[in-house]
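Reviewing the structure listed below.
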Amino acid sequence: MENTVKEVVIIGTGPSALTAAIYTTRDEIETVLYEKSIIGGLASTTDIIENYPGFPKGIGGMALTDNIKQQAERFGAKIEFGEVSALSDEGKFKTIVVDGKLVKAKAVLIASGSNYAKLNIPGESDFCGRGVHYCATCDGAFYRDKNVVVVGGGNAAFQEAIFLTRFAKHIDLLVRNRILASTILQRKVQEYIEAGKIKLQTGIELKEIKGSSGRVVAIRVTKKDRLIELTTDGIFIFIGLKPNTDFLISSGIKLDKTGFVKANKQLETSIPGVFASGDVRSGATMQVAAAVGDGAIAGIGICEYLFHKQYTL
């Protein structure tokens with residue numbers, strides 16, 4: 001097995017993971033990234049990123065992540081598809097399980113990111129992909145000239161509602177508690193409200209998603225303790241993020257109470273040689289620019305860790 005030990009294994013291919021790979025591979029450290037779904041992570045599904053430095057007119061999420069990917073690959077980073085199901089500390093090396101196979105590494109970066117949180121209400125799982133969605137960039141085009149509902153009060157919900165105006169005839173933007181979206185996004189949404197394209201409603205709690213013939217046709221909500229039914233062709237849910245850390249439950253890695261990975265200022269976790277960066281890290285700001293910064297810190301930390309360990313195979 002020691003002949004197949006990899007120098008660095010990175011779990012994930014989002015902006016943080018790819019940035020870390022740039023730093024490690026520039027130091028001529030063999031680096032392999034494992035991805036179970038989409039290269040670029042959630043950032044690649046974002047229609048337009050307007051607050052990433054260096055792009056005054058904004059840049060598409062897919063274009064940005066592809067640029068970072070090309071840069072990492074230019075220095076020698078290798079991307080392989082595979083799902084990591086476990087991680088353990090074997091002392092000198094770390095062992096991860098990828099699609100059922102053992103892979104050993106000198107250092108590991110957990111950059112597995114987050115996924116969309118679910119409402120966990122009746123009908124949500126039944127109609128997932130058939131009227132219930134979590135990515136407007138991916139599925140918005142299916143709702144041309146139709147009525148849709150967007151759920152959430154943060155930046156993601158407001159940004160996706162704006163994107164959906166390209167296709168949908170009308171959008172009901174439903175907020176359960178208070179609005180958390182940035183001032184600039186609230187101003188943009190207000191423009192669409194005044195144009196009659198978006199209707200913003202607060203104090204709304206979803207209770208059930210109803211369907212007919214395999215498609216969503218309505219939702220049941222409560223407002224001021226009154227049960228109301230709204231007809232709709234589709235619903236887009238943006239109520240927050242859940243960390244992709246299920247594979248770490250038995251790893252010995254310390255997680256916070258919500259499942260995010262705890263790390264120190266050098267982004268090293270409770271297991272020496274295992275680092276965490278990006279949206280999966282406890283205390284992360286969930287911004288692409290911050291994730292890239294995390295990747296740089298983690299990449300430098302990994303290089304220093306390997307140098308001080310002075311590994312020889």
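The values are calculated or read from the model by the stated rules, or taken from the named source; none is laboratory data. Keep in mind it's a predicted model, so treat the numbers as computed, not measured. Note that we place each Cβ from the backbone using ideal geometry, even for glycine, and neighbour counts take in every protein chain shown.
Give me a count of the residues in region 278-297 that are assigned to a loop (DSSP other than H, G, I, E, B) and more than 17 Å from Q266 (Cβ to Cβ). It would help to see each step written out before you state the result.
Filtering region 278-297 down to residues assigned to a loop (DSSP other than H, G, I, E, B) leaves 282-287.
With the extra rule that they be more than 17 Å from Q266 (Cβ to Cβ), the set shrinks to 285-287.
Result for region 278-297: 3.
Please work out if T13 is among the β-branched types (V, I, T), under 21 Å from D294 (Cβ atoms) and part of a loop (DSSP other than H, G, I, E, B). Working first, answer last.
Working: among the β-branched types (V, I, T): yes; under 21 Å from D294 (Cβ atoms): yes; part of a loop (DSSP other than H, G, I, E, B): yes.
Yes.
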Fill in the blank from the handout: Picking from S270, S213, S277, the residue that is of a type outside the set (K, R) and touching a Ser or Thr at 6+ places or on another chain (Cβ under 7 Å) would be S277
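Within region 51-141, considering only strands (runs of 3 or more DSSP E) that don't extend past its boundaries, which have at least 1 residues that are closer than 18 Å to L18 by Cβ and touching a Phe, Trp or Tyr at 6+ places or on another chain (Cβ under 9 Å)?
Values: elements: 78-81, 84-89, 94-98, 101-110, 114-116.
It comes to 78-81, 84-89, 101-110, 114-116.
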Fill in the blank from the handout: Listed by first then second residue, the pairs whose first member lies in region 60-84 and is of a type in the set (K, R), whose partner is buried (at least 17 other Cβ atoms within 10 Å of the Cβ) and in a loop (DSSP other than H, G, I, E, B), with beta carbons under 8 Å and at least 6 positions apart or on separate chains, are K69/T13; K69/I39; K69/G40
Problem - Residues of region 87-115 that turn out to be surrounded by fewer than 16 Cβ atoms within 10 Å (Cβ to Cβ), in contact (Cβ under 8 Å) with a residue 40 or more places away in the chain and closer than 18 Å to T13 by Cα, as a count - result: 1
Handout entry: Test: K262 is in the same structural domain as V108 (by TED's automatic domain parsing), touching a Leu at 6+ places or on another chain (Cβ under 8 Å) and either farther than 22 Å from A136 by Cα or modelled with pLDDT of 95 or more (or both)
Key = yes
Completion exercise
When (1) assigned by TED's automatic domain parsing to the domain that holds I198; (2) surrounded by 17 or more Cβ atoms within 10 Å (Cβ to Cβ) are applied to F247, the one that fails is (1)
Problem - Residue that is farthest from I171 (Cα to Cα), among those in region 126-142 that are in contact with a helix residue (DSSP H, G or I) (Cβ under 7 Å, 6 or more places away or on another chain) and buried (at least 22 other Cβ atoms within 10 Å of the Cβ) - result: H133
Handout entry: Close pairs (8 angstrom Cβ cut-off, 6 or more residues apart or separate chains): without any contact (Cβ under 8 Å) to a residue 60 or more places away in the chain in region 195-206, crowded, with 20+ Cβ neighbours inside 10 Å and among the small types (G, A, S) anywhere
Key = I198/A161; T202/G153
Handout entry: Every residue from region 259-272 that is surrounded by fewer than 20 Cβ atoms within 10 Å (Cβ to Cβ) and either hydroxyl-bearing (S, T, Y) or farther than 13 Å from I297 by Cα (or both)
Key = G259, K262, S270, I271, P272
Handout entry: Failed item in (1) crowded, with 18+ Cβ neighbours inside 10 Å; (2) not in a loop (DSSP other than H, G, I, E, B), with E229 passing the rest
Key = (1)
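Any idea which of Q266, Q186 is over 30 Å from T95 (Cβ atoms), free of Cβ contacts under 8 Å to residues at least 60 places away in the same chain and among the polar types (S, T, N, Q)?
Q186
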